[in-house]
Each structure stands twice: as C-alpha cells, then as structure tokens.
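I have placed the structure first, in the form of structure tokens, so that the comments after it can refer back to it.
The values are calculated or read from the model by the stated rules, or taken from the named source; none is laboratory data. Computed from a predicted structure; not experimentally measured. All Cβ positions, even for glycine, are placed from backbone atoms using ideal geometry, and neighbour counts span all protein chains on display. We work out accessible area using only protein heavy atoms, side chains counted, and drop any ligands, DNA or RNA first. Shrake-Rupley method; radii C 1.70, N 1.55, O 1.52, S 1.80 Å.
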Amino acid sequence: MGDLFDRYAGAATASKLHGGRARPPVDEVFEACGRLRDAYHDVISVVAGMSTEDVAARSARLARAFMDQGVTFDLDGEERPFPLDVLPRVFSDSEWRLVADGIAQRIRALEAFLDDVYHAGRVLRDGVVPPAVVHSAPGFLRQCHGIEPANGVRVHVAGIDVVRDEDGGLRVLEDNLRCPSGVSYVLANRAAMARVLPEVFWGQDVRMVADYPARLVRALRAAAPTGVADPTVVVLTPGVHNSAFYEHALLARLMGVHLVEGRDLVCHGTDVFLRTTDGELPVHVIYRRIDDEFLDPLQFRPDSLLGCPGLLNAMRAGRVTVANAAGNGVADDKLLYTYVPDLIRYYLSEEPLLENVSTYRLIDPEERREALARRSELVFKRVDGSGGKGLVVGPHASAEELNGLAAAIERAPRSWIAQRTVALSTAPTWVDGGMVPRHVDLRPFAINDGEHIWVLPGGLTRVALAEGGLVVNSSQGGGSKDTWVLDRPTTRARVPLQPLRPAAGRSSPLAPGPPMDTGPPVDAQRSQQQ
Amino acid sequence: MSRSPGWRLRTEHVTAFEYGSPARSSFNEVRKSPLPTSRQTVHDARVMTTPGAPQYAYRDYWGSAVVAFNVDLPHDQLVVHGVSTAETHEQRRGSEASWAAVGAAANRMAELVAETELTRADDALRGIADELHAGTPATTAAAVVDWVHRALGYVPGVTHVRTSALEAYREGQGVCQDFAHLALAVLRAAGLPARYVSGYLHPEPDPVIGEPATGESHAWVEAWTGYWWGLDPANGSEVGHRHVEVARGRDYADVPPVRGVYAGGGDIRSTVTVTITRVA
C-alpha cells in the first residue's frame, strides 16, 4: 500500500473524534485491525498508488468540473461548490441488497400508512399510532383526505437516510418523503469521477446510476390519471432562485419534459393546463419540487405565487397526478418515525430489515425529562425539519444553546425529538493534502412506479468535512463521495498491488478500459425527447 | 320515544362579492349545503353562482359538502347562492358518559381536544374550566356554555372571523362565532372533546309557515358527553328545530361558507343575506 493510507489506518482506529468517552466510529474502508475491507480492495489499490501531488491535482479538477457545471448549493445565501472527494464509497453486492430491501420495505409500509390516514384511519383505531401523534403532525394535511392517487402511489421518490453505527450495522436516520433532493449530485459525481479518475473504475463492475431519469419518467408516466395513454409530464420548480434549481433543470432535461413554474400552469375546472406559445396544453403529471404549503393557494397559503390555484381539487378529481403526493409530511414526521418499525409489522407482518436509531418521544413527560437531563449527549431535531436545519448536536452545543433548547422543548414538546448521537462511520477523505477520517452518511434514492420499488444503486454519500463534525447535509457545508455498488461479490483472488503512477497534474490518457458507466451527459443537450 | 314533528326549513344564503376592479379569475370553495345528521334530513341543496361556472363537489375531512368552482373570465362581481331544504328535529339526548369514558374518547378524538389558533386558552380560561368542572361531563358542558353566554355581550361589528377566543373574551363582546370559539376553548380545557358547528338559525321560536324571515349565518358547538350534544352559547340554549347544521370542524377556519382566491380585482367587499322560511 502506498503512503496515502499508511498513517490513515492508525488514525481511524485511534480516533480522537469522540474524546475516548463514547464508542469509536467504524471505518468504511478499514477494519479495526487495519485490514482493508474486501469491497475496497481494487479501488484502494489504485488510489494508494497515486502520488500526493496527483491526488491533489485530481481533487482540484473535480472541484473545477463542478464549478463549471454550476453544481453548487446555497449556504446562507452564498453559492458554494459541493466538494466531491477523490475516493469513492463502495458497497458490496450483499450489503447493498440489505439496504435496498430495507428501504423498499419501509416505503411499502409508509405508503400503506399514508393511504390509511387519508382514508379510514384504521391504524389509529387499532391503537398502533396514537391519534394525537397524527392529528398534531404539521404535515398531516386534512385537505388531502380522500384523495386517491391514480396508481395508488404517493411516494414516487423517497430519500431514506441511512447511517452506519458503532457496531457496523446500518440504521435509518430519517425518512424524506416530500421533495428529497440530491440525486443530481449522484449523477454529476459519477460523470465527474469517470472523467477525472477513470482508472479507479477499471476491472470493477460498478452498477450504473445514469438510468435514474429514465426510471423516474417511467414511474411518473405510470402514475398518470386513468385513461391517459400518452401523458404530459412536467417538472414544477420554484424557480432559478431555489438552491436545487440545477437539479430541477437537469432532471427535466434528462427526462425530456417541460420545466415549469407555477405561473405557467392554470386550472380550468379540475383540468390543469400548461400555457405555451401554441396555446394551453393539458398536463397530466406534475413532478413538483415545491413544498405542500405552496402548491395551491386556495387550500394552503393564500399568498403563494409558486403553485397553482385549483390544483388540489384537480388531484382529488383524478385529473392530474402530483408527485410526490401532497400530505406526505405526516409520514416523514420525526415523531412518526419512532412508530415506523411498528407500521412495518402492522401493515406488512414483517420484521424491519433496517432498524431505527433510538429516539426519545418528547411529548412523553418521562422521556422528555430523561432526554433533557442528557441533553449534552443527544441530538435534537425539529419534527418537520429537513436539510439539517433546526438540528442541535448536544456534544457540540454550548450550555447556553442547550438551555435555550430545553426551554423551547418545554414550550412545544411535539415539535422536537431527541436521538442518541450516533458516531457515524468514517471514510478516508482528502482534506488539506492528506487522507483523514471524516464522518459519512448515505441518502439512497428510491422510485416507486406502483409495481416495483427501485433503489438507485449507490445514492448520495455525504461527508461532514469539519473534523469530528456529524452534520453531513449539503446545506450545512458538507461534501460528498461517489457511491458505488459492486455488481457481484468481491470474492476474486487477490492480485498483488500494482500502483499506477501517472504524472502529477494531468489526466491519464490510458488505454480504454472495459465499458463503464460514465453517467449522464450532464453538459450535453437534452438527451431524449418525450 | 316518538320523534318530535320536524320543521321543514328552506334557506337561501347569498354571498355577493364586489371587486374594486375586475378580477381576471377566481377560485372558490363553498360550504352552504346542510349535513345529513341524526337530527336533520336534507331534502335538497344546491349552489348557484353568477357568473356561472362548472362545479366540482366533494366531502371534506369533516364530512362537510363542498362545492368548488372557478371563474376564468374577467368579472367585477361574484354572487354565490346556496339554496337548501332540510327537515330539523329537536335533539334526542343519548346516555351520559362518565369522565373516564370522556377521557378515552378524548384520546381517540385528539384533534377535538387540542387547542387551535382561534380557540387557545390562557391560565385565566383554564382556571375557569377548573371551576366549572363539576358533576358529570354533561353538567360541566352545560355550565361552560351558560358561563360563555353570560361572559360575552352579543355586539356585531366589534370582532371579525379571525378574532380568537381570548381576544373576544378580553373584549367582552362578539358575535356567534366568538361565543362558539370561547366555549370551545373552555370545554376543551375542561377535557371535553368539542367541535365548531356552522349553520343557520331561524330567528322565530314559533314561525308562521310560509313566511320568509331574515335569518342569519350562525355558529354553535357540540360537546361530547357520551354523544354529540349541540349547545348554542350565543343563545344560551340547546340546539333544536331552529338550527340547520351545515359544517363541522375544529373552529371557524375549517368551515368558512365561502373561501376563495382571486387574481387582480383590487379590494373586495362582500355582503351576506340569509332568508329562512319554514315551509312545513
């Protein structure tokens, strides 16, 4: 092994991140004894062979590629790149199967739950979830009661965040069933890696991610109202000022559908139309990237200019499908999260494949007392928060912050939950000229087309770039890693490592390797027409 | 027990909006059609609009009949006409529940015990709820409604539809929805599930058949005391023949007779008339 990782293995095991008090995190690449995990064998052998200068140069090229494409995110009003690390995160085929099955299972249960609470509410009468938990959820929208989605799907796209705990097991950290974002990073990451570090893919069967847009548009078309043979699909964006606008535009382009804003849509009766220069075009499926409260000013915020008045009744009348459905916030509410394992047992008669992170229900006076007494050890989250906003990491917060938090929780206990602070697993990450351990999580993306729940192989691995940092959200200043799923078990015989040493500072014009997934042509013209 | 003879009440509820300048389009939802209940049979219910528009009808979460329509031509006036005939009866009291049974019901109906913006209680109101919490759930509900009837003066024009129970209480006056909101705040503080009811009230206790009367859009409450018991805090009475029930919810925000958004149009003025006739 080359120099790059020589000191890393030691650093990972003797992590100082947790002051020796809590249990140390697991490392994604190296076992505690320093042994390289099988799935990483090939990729590490390539990267370990590179010189420090070469890795630095590749890292700089990755960053430039992103700035040039405009793959940035908005951090407190400032556009910043979302740094892509040179070393991918790799899942073995067998471990990925657990992730994909566990996520699909969770989505099936949450779909059943949504269908239930917006109809008969059997789950409440049967005492599986207390009515007060659902009734008080900010995302429980009574306006959505009785709406019947065309093919029964409400969670067309899900982002179920998964972390690896100190024992090495994967757990669900939170569910995102409204407008999960970040898939454009997955596509862009793969394309950039294939261009800047082609040799790391060689000899490996990395499952491709580039068919995500095709899968998504297929699911959206399958969700069209009954009787519509050739539906018109649109992507509804809040506009260019939204931090995820790049993603909205990219997905619309790769799916070959219109990118629209609310003012482009109009309802006549219960039919929805797109205003075009050729007149009004009927719209059947809206992949919306605006929040529920902005969808329809007649039903929700009357001051919203982002949506379209009349849309909810068009959904109710079955004339248009909105994806994801309105009202999904009741199912990704963080207090409801604590009931998801019970929902899996109740609706599916199965045991959860992926466990939750242990969580305090702060509406319970006893649990609240205990959680507040341990507030310097726990993570506190707002029940309807996403993107790491409203997140307080106890071990990293000042006493003053924590006391303010305790007062806020006593005032509104339903608005918060507390979770055990998981020492998220670490992965070697290129920071300031060296490989150092940084905490990572994973947002896999799943698409439900009504017949099958497909989990994009890989998803978005987010990296907390600050040393010891546990908040990985892009909106909180994180980075990311290209995330691989190997197509077959890595049981091949070990070959001696043959370090590649291309010259520093330039890409390696090497002979073409086996076919690989180069990701979507993110800077090419629209790749398909609907 | 034989059923009291019903009153057949025909109600005409007209809401007229006038825009300062023509509205380019408007989207509206109307809740003016009576609910079928154990106390009330609905014979017919229609909504008509000027300008005319295709209608879409559905029942909302609370079971209320909703008519939605949009006008997408410029218009400087919008008239929403609700016409209905319903046969009303006196209430039949069910069997009274114990506090334990009310507590169990409150768990099932959590949203009807929880505070809302419009029905928030403060320490003073919670204190009053404690004082009135005496005897059975039914006697407590009656005491709360009686207290609200005396706590507020019926004075139109002081409050509006977004006035909260607390604001009306401090003001000491209001109209029917303020009485209802204050009653809901105290009933819920006393642990009783309670809901807001919007509807119509015939002004006469003994109307002449066939004679139209100027009625009003009215609001009252129902408290769960083993069954839903209708109480009218503005009149300090039980709900009976004179009351036509239209919509239920947590507070006014769940049951507005007309709600809409419009593009252009400038300022808006509205007038409401309710004519109610006992026809049989």
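Computed quantities for the displayed model
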item	result
A:Glu111 being under 29 Å from A:Pro395 (Cα atoms) and at pLDDT 95 or above	no
Leading residue by the ranking (nearest to the other protein chains (Cβ to nearest Cβ)) among those in region A:318-340 that are more than 30 Å from A:Leu354 (Cα to Cα) and surrounded by fewer than 23 Cβ atoms within 10 Å (Cβ to Cβ)	A:Arg319
Region A:103-123: number of residues that are open to solvent by 10 Å² or more (accessible area, probe 1.4 Å) and small (Gly, Ala, Ser)	3
Selection from region B:205-223 of residues that are open to solvent by 40 Å² or more (accessible area, probe 1.4 Å) and in contact (Cβ under 8 Å) with a residue 24 or more places away in the chain	B:Pro205, B:Val208, B:Ile209, B:Gly210, B:Glu211, B:Pro212, B:Thr214, B:Glu216, B:Ser217
Residue count for region B:117-138, restricted to those that are touching a His at 6+ places or on another chain (Cβ under 9 Å) and under 16 Å from B:Glu222 (Cα atoms)	1
Filter pass, B:Ala253 being over 14 Å from the mean Cα position of the chain (by Cα) and of a type in the set (A, V, I, L, M)	no
In region B:234-257, residue nearest to the other protein chains (Cβ to nearest Cβ) [restricted to those that are part of a strand (DSSP E or B) and surrounded by fewer than 19 Cβ atoms within 10 Å (Cβ to Cβ)]	B:Glu238
Of residues in region A:115-150 being assigned to a loop (DSSP other than H, G, I, E, B) and of a type in the set (A, V, I, L, M), the one farthest from the other protein chains (Cβ to nearest Cβ)	A:Ala150
Filter pass, B:Ala263 being surrounded by fewer than 24 Cβ atoms within 10 Å (Cβ to Cβ) and modelled with pLDDT under 95	yes
Cross-chain or 6+ apart pairs with Cβ under 9 Å, region A:200-216 first and more than 23 Å from A:Ser94 (Cβ to Cβ), then assigned to a helix (DSSP H, G or I) and charged (D, E, K, R)	A:Ala210/A:Arg190; A:Pro213/A:Arg253
Which numbered condition B:Ser33 fails, given (1) open to solvent by less than 20 Å² (accessible area, probe 1.4 Å); (2) touching a helix residue (DSSP H, G or I) at 6+ places or on another chain (Cβ under 7 Å); (3) farther than 27 Å from B:Gly20 by Cα; (4) of a type outside the set (D, E, K, R)	(2)
Selection status of A:Pro225, touching a Lys or Arg at 6+ places or on another chain (Cβ under 8 Å), open to solvent by 20 Å² or more (accessible area, probe 1.4 Å), under 24 Å from A:Phe273 (Cα atoms) and part of a loop (DSSP other than H, G, I, E, B)	no
Subset of region A:193-212 [in contact with a Leu (Cβ under 7 Å, 6 or more places away or on another chain) and surrounded by 23 or more Cβ atoms within 10 Å (Cβ to Cβ)]	A:Val206, A:Val209, A:Tyr212
Meets criteria (under 24 Å from A:Asn313 (Cβ atoms), more than 18 Å from the chain's Cα centre (by Cα) and either part of a strand (DSSP E or B) or not β-branched (Val, Ile, Thr) (or both)) for B:Ser270	yes
Positions within region A:261-317 being at the interface with chain B (Cβ under 9 Å from one of its Cβ atoms), open to solvent by 10 Å² or more (accessible area, probe 1.4 Å) and part of a strand (DSSP E or B), in sequence order	A:Val266, A:His268
Residue list for region A:228-242, restricted to those being farther than 18 Å from A:Ser304 by Cα and either open to solvent by 10 Å² or more (accessible area, probe 1.4 Å) or part of a helix (DSSP H, G or I) (or both)	A:Val228, A:Ala229, A:Asp230, A:Thr232
B:Glu117, sole failed condition from (1) over 19 Å from B:Asp251 (Cβ atoms); (2) in contact with a helix residue (DSSP H, G or I) (Cβ under 9 Å, 6 or more places away or on another chain)	(1)
Any chance A:Leu362 is at pLDDT 95 or above and open to solvent by less than 20 Å² (accessible area, probe 1.4 Å)	yes
Test: A:Leu250 is open to solvent by less than 60 Å² (accessible area, probe 1.4 Å) and in contact with a helix residue (DSSP H, G or I) (Cβ under 7 Å, 6 or more places away or on another chain)	yes
Any hit, region A:155-170, residues being among the small types (Gly, Ala, Ser), surrounded by fewer than 23 Cβ atoms within 10 Å (Cβ to Cβ) and under 24 Å from A:Ala224 (Cα atoms)	no
Any hit, region A:78-91, residues being surrounded by fewer than 18 Cβ atoms within 10 Å (Cβ to Cβ), in a helix (DSSP H, G or I) and out of contact with any helix residue (DSSP H, G or I) (no Cβ under 7 Å at 6 or more places or on another chain)	no
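Table: residues versus (1) part of a loop (DSSP other than H, G, I, E, B); (2) open to solvent by 50 Å² or more (accessible area, probe 1.4 Å); (3) of a type in the set (Phe, Trp, Tyr).
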site	(1), (2), (3)
A:Arg369	no, yes, no
A:Arg375	yes, yes, no
A:Phe380	no, no, yes
A:Asp384	yes, yes, no
A:Glu401	no, yes, no
A:Gly404	no, no, no
A:Gln419	no, no, no
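Condition check ((1) part of a loop (DSSP other than H, G, I, E, B); (2) at pLDDT below 95; (3) away from chain A (no Cβ under 14 Å)) across all residues:
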position	(1), (2), (3)
B:Phe17	no, no, yes
B:Asn28	no, no, no
B:Pro34	yes, no, yes
B:Met48	no, no, yes
